[in-house]
Every structure is written in C-alpha cells, then in structure tokens.
1. Suppose we filter A:Gln61, A:Gln57 for residues that are surrounded by fewer than 20 Cβ atoms within 10 Å (Cβ to Cβ), in contact with an Asp or Glu (Cβ under 8 Å, 6 or more places away or on another chain), in contact (Cβ under 8 Å) with a residue 60 or more places away in the chain and farther than 26 Å from B:Gly113 by Cβ; which single one remains?
2. Which residues, counting only those in the range B:83-95, are more than 7 Å from every other protein chain (Cβ to nearest Cβ) and in contact with a Leu (Cβ under 7 Å, 6 or more places away or on another chain)?
3. Among the residues of the range B:210-229, is any farther than 27 Å from B:Leu103 by Cα, modelled with pLDDT of 85 or more and not hydrophobic (A, V, I, L, M, F, W, C)?
4. Check off (1) more than 11 Å from every other protein chain (Cβ to nearest Cβ); (2) crowded, with 18+ Cβ neighbours inside 10 Å; (3) over 24 Å from B:Gly161 (Cα atoms) for B:Ala248 and give me the number that stays unchecked.
5. Show me the helices (runs of 4 or more DSSP H) found entirely inside the range A:161-239 where at least 1 residues are touching a helix residue (DSSP H, G or I) at 6+ places or on another chain (Cβ under 7 Å), of a type in the set (Lys, Arg) and away from chain B (no Cβ under 14 Å).
6. In this structure, is B:Ile40 in a loop (DSSP other than H, G, I, E, B) and either hydrophobic (A, V, I, L, M, F, W, C) or touching a Lys or Arg at 6+ places or on another chain (Cβ under 9 Å) (or both)?
7. So is B:Arg238 basic (Lys, Arg), more than 14 Å from chain A (Cβ to nearest Cβ) and surrounded by fewer than 22 Cβ atoms within 10 Å (Cβ to Cβ) or not?
8. Mind checking whether some residue in the range A:28-43 is over 17 Å from A:Arg343 (Cβ atoms) and among the charged types (D, E, K, R)?
Amino acid sequence: MVARSWHGPAEALLLPLGALAAALLAFGLFVWFGGSSPVEAWTLLFRGAFGDAFGWQNTLQRAAPLMLTALAVALPARAGLTVIGGEGALVLGALGCAALPYALPGLAGTGGQGLVLAAGALLGAAWVALAGALRQWRGVNETISSLLLGYIAVALFKHVVEGPLRDPASLNKPSTRPLAESLRIGPISPDSLLGDVHWGLVIGLLLCLAAGLWLSFTASGFALRVVGGNARAARLVGLPSDRLVVLACALGGGCAGLAGAVEVAAVHTAANASLIAGLGYTGILVSFVARHDPWAIPPVALLFGGFAAAGSLLQRRLGLPDASVLVLQGFAFVFILAAEALRGRLFQLDMPTFIKPRLVAVAGRAV
Amino acid sequence: MAPELGFDLLLAIIGGAVRVGTPFLFVSLGECLTEKSGRINLGLEGVLVFSAMAGFGGAYLSGSAWLGVLLAGCSGAALALLHGLLCSLPRVSDIATGIALMLLGAGLAFYLGKPLIQPQAPQIPSLALGAWSSSPGVQSALAINALFPIGVALAGLLAWGLANTRWGLVVRMAGDSSDAARALGHSVNGVRIAATTAGGFIAGLGGASLSLYYPGSWNEGLSSGQGLIAVALVIFARWRPWRCLGAALLFGGAGAIGPALQSVGISGGYYLFNAVPYVLTLAILVATCSPQRQVKGAPMELGVSR
C-alpha cells in the first residue's frame with residue numbers, strides 16, 4: 001500500500017489513542033480479576049476526573065505540576081538524553097522555595113513570590129544540569145545518574161526538613177516554616193467555577209507553549225533538535241553540542257524545580273513529605289505519551305492528572321488500593337512503547353482482505 | 001570514639017555488608033547476565049519490588065519461605081520476559097522500556113501487596129557462622145542469610161558458564177557482535193530474551209531476600225533504588241560475576257553505615273548516611289566512565305557504556 005500524506009498525522013494521533021485504549025482495557029481486565037466491575041472502574045475513572053466542577057478543579061490542579069515535570073523529561077529528550085530526574089529536581093525546588101525566606105526574612109509581595117519561585121527553579125536546574133554535564137564530559141549514563149541524583153535529592157530534602165529547617169510547631173509531620181501569606185500563590189478566580197485552581201496551571205501552560213515555540217521557531221531550538229537527532233552531524237557542522245545539552249537539561253530541571261516551588265507556594269505552603277508523591281515519575285510518562293512534544297504535553301497532562309484525581313474515587317467506591325492509578329500508568333507506559341513499533345507501518349499492516357470471488361471460467365472457457 | 005564502640009560499629013557494618021549486600025548481589029548478577037547479551041534492563045528496580053512482594057505473598061500463603069523464594073524468582077522472570085519481548089520490537093529502546101517496567105513493577109507490587117503490609121511471613125533461615133564465638137555481637141554479625149551462599153555459588157556458576165560453555169559463548173556473542181551471532185544462525189532476539197528472563201529470575205531472588213530476610217517484611221518503601229544501584233554496580237564490576245560479588249559487599253557495607261550508626265546510638269544525619277550508597281555509586285560512575293573510550297570489558301553492543 002502506498003504511503004499517503006495524511007498517514008503521518010493520523011498515526012501521530014491514532015497510536016497514542018490506541019495505546020491508551022489498550023491500557024484502559026488491560027486495567028479493566030486487571031480490575032476484573034480482582035473481582036470488581038471493569039465498566040464501573042472505567043466510568044468512575046472518567047467521572048472522577050471530568051464528571052463535575054469539583055472533578056475538573058482537582059484534575060486541573062494535578063495537571064499543573066505534571067506539565068512542568070513532563071517538560072523536565074521532554075526538553076533533554078529533544079537533545080537526545082533520557083533524563084528522569086524530575087522527582088529530585090521537584091523536591092529540591094520545593095526545598096529552595098521554602099528555605100529562601102529563612103535566609104531573607106523580609107521577602108514579601110510579588111517580587112518575593114518571584115524570588116522564591118526562582119530559587120526553586122534554579123536549584124532544580126542545577127541538579128538536572130549536573131546529570132547532563134556528567135554525561136557530556138564524563139560519559140556517565142544520564143538515565144542512571146539522574147535517577148541516583150533524584151534519590152540523593154530526596155535524602156537531602158528529608159534531612160533538611162526534619163533537621164536544620166524544621167519548624168518546631170510541626171509536631172507529627174515534620175515541615176519547614178510555612179510561607180508568609182504574601183508569598184503564596186493564590187487561586188486564579190476563587191469565585192468562579194475554577195475554584196481552587198491556582199496560577200501554577202497558567203505557569204505550566206505558558207512554559208509548555210514557550211518551550212514549543214523555542215524548539216520550533218528559534219535557531220537555538222533547531223540546533224538542539226539537530227544535536228538530539230544526530231549528534232555526529234551536529235559536531236560536524238560545529239554546533240556547541242555540550243553546551244546545548246546542558247542547557248536543555250538545565251531548562252528541564254528548572255521546570256521541575258518550579259513545579260516543586262509552585263506546589264509549596266500554592267498547595268502545601270511548607271515543604272514536607274507530602275511533596276514526594278511521584279509527580280516526577282508521572283511526568284516521565286506524560287512526556288513519553290506526548291512524544292516529547294511540548295505542545296502535546298498539556299492535554300496528556302490533563303488526562304493523567306484526571307486519572308490521578310479519580311484515584312480516590314476508585315478507592316472509595318470500589319475499594320481498590322490507592323496504587324490502582326500506578327498500575328494504570330504502568331500499563332499505559334508499556335503500551336505506548338509497544339505502539340512505537342507500529343510507527344510508519346500502521347497503514348502498511350497486512351489486514352485480512354476479503355476479495356470477492358470472481359469467475360475465471362465459464363463452462364470451461366476462460367473469461 | 002571509644003575503642004569498643006568502634007569495634008561494635010565495624011562488626012555491625014561487616015554484618016550489614018552481607019545483609020544489605022545480598023539483594024545487590026542477586027540484582028547485579030541478573031543485570032550482568034542481561035547486559036552480557038547486549039541489553040540493559042533498568043527495569044530490574046521494578047522487578048526487585050515486584051518480586052519482593054510476590055515472594056512475601058508466596059511465603060505467607062504457602063507457609064514456606066522457600067516456596068516464596070521460588071515464586072519471587074518466577075515473578076521476576078515474568079516481568080523481565082515482558083522487557084525482553086518489548087525490546088525485541090523494532091524502534092523500542094531498552095532504556096525507555098526499563099523506565100516503564102520500573103513504574104509498572106512498583107504499581108503492581110503496591111496494588112497486589114496492599115493486604116500483605118500487616119501480616120508476618122515465614123523467614124528465610126540464617127546460617128549461624130558465628131557460633132564459635134561467645135560474643136553476641138560477633139554471632140549476630142555472622143548470622144548469614146541462607147540465600148547469600150546461593151548467590152556466591154551463582155556468581156561462580158555464571159563466571160564459569162559465561163567463559164566455558166556453549167550457552168555462555170552464544171550469550172556473549174549476542175552481546176559483542178549481533179552480526180556474528182546471526183551469521184552462525186542464532187536468533188539474537190531469542191538469546192537476549194532468554195538472557196533477560198534468566199536475569200530477571202536471579203534478580204527476583206534478591207527481592208525475596210529483601211522481603212523474607214532483611215528487612216524481612218513487605219512495605220511500599222522496601223526498595224528505593226537498590227535495583228538501580230545494582231545496575232550501576234555492573235559497570236563498576238566490569239561485567240564480571242566475581243567482581244559483582246565484591247561490589248555488592250562494598251555497597252552493602254556502605255548501605256549498612258546508617259543503620260549501624262543508629263544501632264550504636266548515633267542518629268543525627270540518618271538520611272544522609274542512608275544516601276551514601278547513591279553518592280558512592282555516582283562517584284564510582286564518574287571515576288570509571290569516560291567519554292573518549294568504552295568502559296573496559298563492556299559488551300560491544302551495549303548502549304549504556306557508550
């Protein structure tokens with residue numbers, strides 16, 4: 001069969017949708033083996049996420065950090081690196097945001113908000129850039145090093161939160177001192193249907209948009225994609241590969257750090273263990289489903305934010321463990337990767353064809 | 001520090017090296033076999049968590065620790081088989097598949113393991129190698145996980161098998177030159193799937209050691225990166241099974257520093273001491289890797305060392 005011009009875009013849409021459908025199907029089977037009704041699970045999954053205003057608010061709140069942690073995977077991926085240190089950058093960003101007022105007690109107002117967010121972004125950027133630098137200058141596999149750095153970051157976070165920066169008032173749940181009221185990020189419009197949805201969502205959307213614009217329409221963005229597409233060619237034409245790779249890692253890490261800072265400033269108000277909730281890991285999945293395209297990240301983040309939001313409903317109504325969303329994410333990841341094998345061949349598959357029987361001879365004479 | 005405190009600390013670290021190092025040993029042996037065939041399985045982190053849960057569940061339901069160990073190995077093999085099959089598809093990267101398996105293994109383990117958090121399961125017996133000594137410190141340090149000698153034997157078997165048997169040669173050929181393996185009529189994907197699955201079985205035994213010996217219970221924080229450290233250990237061990245044993249003990253010792261300090265009453269910086277293995281792994285990776293050349297002893301087809 002001939003390849004046609006609409007095959008590419010159609011595949012780009014059909015493959016992830018098919019993979020997600022397969023993941024939902026597998027999840028349904030899994031739930032069914034556990035004795036629950038798969039149809040009910042599917043319904044609850046979508047009702048909890050997008051069924052009413054409360055579901056939407058919950059979904060949007062969860063999607064905001066996912067967009068940012070997905071960017072932490074997508075940007076380095078466009079430079080050819082598989083960096084999965086988003087979780088580490090996120091907790092360090094949260095720590096930076098919560099710790100800055102200790103050093104500068106006079107922070108307040110919009111400038112102060114900007115500074116605490118920037119502190120988080122900078123820490124996250126430095127952490128992931130380290131993985132990129134180790135890979136470019138020392139040849140250390142960036143996937144392994146970024147994940148190790150993530151564990152180290154979590155250990156540092158726990159040490160600092162339960163040790164030097166612990167708020168004596170936080171008794172059974174060690175936290176840092178809560179951010180001053182004027183440093184917190186508020187809801188976009190508390191009186192409308194959006195409810196508690198905070199400005200973090202806007203930050204996430206804007207950064208996804210900006211990252212896409214940068215990759216598509218600027219010289220440095222193009223150079224980055226060349227480095228990721230063919231590192232040898234990039235060296236031959238004299239692109240500064242090392243610097244571009246580290247830049248992509250730093251920008252990605254900055255996004256994840258910002259996610260942590262926003263979570264502190266808008267949701268938790270202080271750094272504590274609730275921040276270590278696997279947002280960085282879900283971000284990996286979001287980025288892979290979006291094929292590392294920043295513009296595709298927001299809808300995918302919305303979908304997985306929705307599934308996460310529906311998790312508690314599954315728990316309450318069907319008595320499923322809270323890890324059921326993790327299982328669904330795991331299935332989705334496996335099927336997304338498997339779908340990659342069909343890329344470029346989806347319309348070339350040998351479908352069983354039914355050819356109408358045709359007379360070749362009548363009464364012994366060929367027709 | 002008083003001299004007897006130092007001695008107690010040293011004993012606790014030596015004992016801990018074996019106790020904490022046993023899962024490292026199994027996972028790094030499994031990864032060693034997988035990587036020898038030319039694939040990297042980062043998903044052994046997920047395999048470790050999942051098999052720890054399965055081993056605990058098997059031991060709890062059957063009442064026999066050894067049946068649990070067997071179930072842990074088989075469930076590890078099943079998950080690794082999925083990795084092997086997925087990676088055999090065109091355009092599917094083994095690194096990405098490994099990440100997917102990490103998430104899937106943890107998700108399945110947390111889901112299925114929910115009812116297993118409370119109960120007690122029969123434990124793997126320990127071998128009292130310190131029975132000759134009258135000091136309880138020595139005795140407890142030398143009470144060794146019965147899986148540990150099995151791991152040592154497995155390291156020897158792997159070292160001998162990879163060097164001296166036909167199967168070992170085929171595995172190494174698939175890892176060093178897939179063209180040569182194909183020319184001799186071997187299915188490269190078939191060999192790699194088999195090696196990955198066998199590696200998953202071995203790593204699953206490490207999971208059983210986690211949930212059935214030390215710490216000896218099932219909870220969701222059971223493994224945090226041990227599987228991944230073990231994957232990095234293989235680079236440090238230069239893909240030699242015997243050196244995996246040494247590396248596992250070294251890292252076991254590093255991982256035992258935190259609990260050992262706590263056992264003698266020093267609890268400040270607990271989290272920092274627990275992060276020592278990660279820092280050590282990273283330091284060793286930085287020291288051994290180089291952008292100019294491949295790490296010595298690396299299988300030629302392997303992406304991770306380039």
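The values are calculated or read from the model by the stated rules, or taken from the named source; none is laboratory data. This structure is a prediction, so every number in the text was calculated from the model and none was measured. Here the Cβ is made from the backbone with ideal geometry for all residues, glycine too, and neighbour counts use every protein chain on show.
1. Values: A:Gln61 fails: surrounded by fewer than 20 Cβ atoms within 10 Å (Cβ to Cβ).
Sole residue among the options that is surrounded by fewer than 20 Cβ atoms within 10 Å (Cβ to Cβ), in contact with an Asp or Glu (Cβ under 8 Å, 6 or more places away or on another chain), in contact (Cβ under 8 Å) with a residue 60 or more places away in the chain and farther than 26 Å from B:Gly113 by Cβ: A:Gln57.
2. We begin by selecting, within the range B:83-95, every residue more than 7 Å from every other protein chain (Cβ to nearest Cβ); these are B:83-85, B:87-88, B:93-94.
Passing the criteria: only B:His83.
3. There is no residue in the range B:210-229 that is farther than 27 Å from B:Leu103 by Cα, modelled with pLDDT of 85 or more and not hydrophobic (A, V, I, L, M, F, W, C).
4. Condition (3) is where B:Ala248 drops out.
5. Values: elements: A:200-217, A:219-229, A:231-236.
By residue number, A:219-229.
6. Working: in a loop (DSSP other than H, G, I, E, B): yes; either hydrophobic (A, V, I, L, M, F, W, C) or touching a Lys or Arg at 6+ places or on another chain (Cβ under 9 Å) (or both): yes.
Yes: the conditions hold for B:Ile40.
7. Values: basic (Lys, Arg): yes; more than 14 Å from chain A (Cβ to nearest Cβ): yes; surrounded by fewer than 22 Cβ atoms within 10 Å (Cβ to Cβ): yes.
So B:Arg238 passes the test.
8. Initial filter on the range A:28-43 (over 17 Å from A:Arg343 (Cβ atoms)): A:28-43.
Now drop any that are not among the charged types (D, E, K, R), which leaves A:40.
Looking for residues that are over 17 Å from A:Arg343 (Cβ atoms) and among the charged types (D, E, K, R), one finds at least one in the range A:28-43, hence yes.
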